[in-house]
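Data first, discussion second: the structure below is written as C-alpha cells.
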C-alpha cells in the first residue's frame with residue numbers, strides 16, 4: 001500500500017512540506033541582509049517626527065495617501081524619484097498603501113515650506129478649491145503629548161538616549177516658537193494664542209511630512 005492510500009499520513013506529510021516551503025521562501029529571506037538594504041543617508045525619525053507619524057496614522061491619512069512611487073515614467077514625472085527599499089528601513093509599520101484619493105506623499109518633504117502645510121492642514125480647500133480632504137485645523141488646538149516619546153523611540157530601536165530625545169523635542173519647540181521662524185505668521189494664524197509657545201499636534205504632523213523623502217533626495221544627490 002502506498003502513501004496515497006493513507007489519507008491521514010498523506011495530509012500530515014503535505015502539511016509538513018508546505019510548512020517547510022513557507023519557512024524557506026517567506027521567513028528565512030526576512031532575516032537575510034540582501035532583503036533588508038540599508039543606507040547611511042536614511043536616518044531614524046526624530047521624536048517629534050515619530051509623534052507626527054503616529055498622529056498621521058491615528059487620523060487615517062494613509063487611507064487616502066500612498067507613500068510609494070512606482071518605477072513608472074508617469075509617476076516619476078509627477079511625484080519624483082521612485083521609491084527605494086532602503087528608505088523604509090525605519091518604517092514600522094510601512095505605509096505604502098494602494099489607494100490614491102489624494103496625491104502620493106513619499107516625496108513631499110521639502111516640496112513646500114512649513115507655512116504651506118499650516119494653511120493646507122487648517123483648510124485644504126483654501127489651497128485647492130476642489131479638494132475633498134477634511135480640515136484638520138483642530139490639530140493646532142491640541143498640545144502635543146511627549147510624555148512617552150522616549151519609550152516609543154526605544155521600542156522602535158532608533159538608538160536615541162533619553163537625553164537626545166529630550167533635546168530633539170526642545171530644539172524643535174525652540175525652532176517653531178522662535179520670533180524668527182520663517183512660518184511664524186502662518187503658524188500664529190492657525191494656533192490659539194495660549195499654545196503658540198508650545199508644541200502642538202499640527203507642529204508634529206508637519207515635521208513628519210517634511211521628513212518624507214528628504215533622506216533619499218540627499219542620497220540621490222551624491223550619485
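Can you tell me how the range 100-182 classifies by the Cα gyration tensor, rounded, prolate or oblate, using a/c under 1.5 as the rounded cut?
On the way: a/c = 2.17, a/b = 1.69, b/c = 1.29.
Judged from the Cα gyration tensor, the range 100-182 comes out prolate (a/c at least 1.5, a/b above b/c).
Could you check which residue among 165, 176, 12 shows the biggest mean-square fluctuation in a GNM of the chain with a 10 Å Cα cutoff?
For the chain, modelled as a Gaussian network with Cα springs under 10 Å, the answer is 12.
Give me 131, 147 sorted ascending by neighbouring Cβ count inside 10 Å, so fewest comes first.
Numbers: 131 14, 147 7.
With the fewest neighbours first, 131, 147 line up as 147, 131.
Could you give the angle, 0 to 90 degrees to the nearest 10, between helix 162-177's Cα long axis and the longest principal axis of the Cα atoms of the chain?
40
Work out the FRET efficiency for residue 99 and residue 164 from their Cβ-Cβ distance, taking R0 = 22 Å, and round it to the nearest 0.05.
Working: r = 36 Å, r/R0 = 1.65.
It comes out at approximately 0.05.
Order of 16, 156, 199 from fewest to most other C-beta atoms within 10 Å?
Numbers: 16 10, 156 15, 199 21.
Starting with the residue having the fewest Cβ neighbours, the order is 16, 156, 199.
Arrange 90, 138 by Cβ neighbour counts within 10 Å, fewest through most, would you? Walk me through the numbers before you get to the answer.
Numbers: 90 18, 138 13.
Listed from fewest to most nearby Cβ atoms, that is 138, 90.
Once the Cβ-Cβ distance between residue 185 and residue 58 is put in as r, and R0 is 41 Å, what FRET efficiency do you end up with, to the nearest 0.05? Could you put the intermediate results ahead of the total?
Working: r = 28 Å, r/R0 = 0.69.
For R0 = 41 Å, the calculated efficiency reads 0.90.
In a Gaussian network model over the chain where Cα atoms closer than 10 Å are linked, find which of 23, 42, 155 has the largest mean-square fluctuation.
Maximum among the listed residues: 23.
For residue 217 and residue 142, compute 0.36 nm times the residue count separating them, minus their Cα-Cα distance, and round to one decimal in nm. Walk me through the intermediate numbers first.
On the way: separation 75, 0.36 × 75 = 27.00 nm, distance 3.18 nm.
Separation in residues times 0.36 nm, less the Cα-Cα distance, equals 23.8 nm.
Among 110-117, 191-198, what's the highest-first ranking by average C-beta atoms within 10 angstrom per residue?
On the way: 110-117: 16.6, 191-198: 13.2.
The densest-packed peptide leads the list: 110-117, 191-198.
Anyone know which of 97, 159, 21 comes out most mobile in the 10 Å Cα GNM of the chain?
Of the options given, 21 has the highest mean-square fluctuation.
Could you give the nm distance between label points at residue 70 and residue 6, where each point is 7 Å from its Cα heading toward the beta carbon?
4.9
Just checking my list (1) 114; (2) 198; (3) 106 against volume of the Cα convex hull per residue in Å³ computed from this structure; which label fits?
Identified label for the calculated read-out: (2).
Laboratory data are not the source of any read-out in this text; all were calculated from the coordinates shown. No experiment lies behind these values; they were computed from the predicted model shown. Methodologically, a virtual Cβ is constructed for each residue, glycine included, from the backbone with ideal geometry; neighbour enumeration extends over all protein chains shown.
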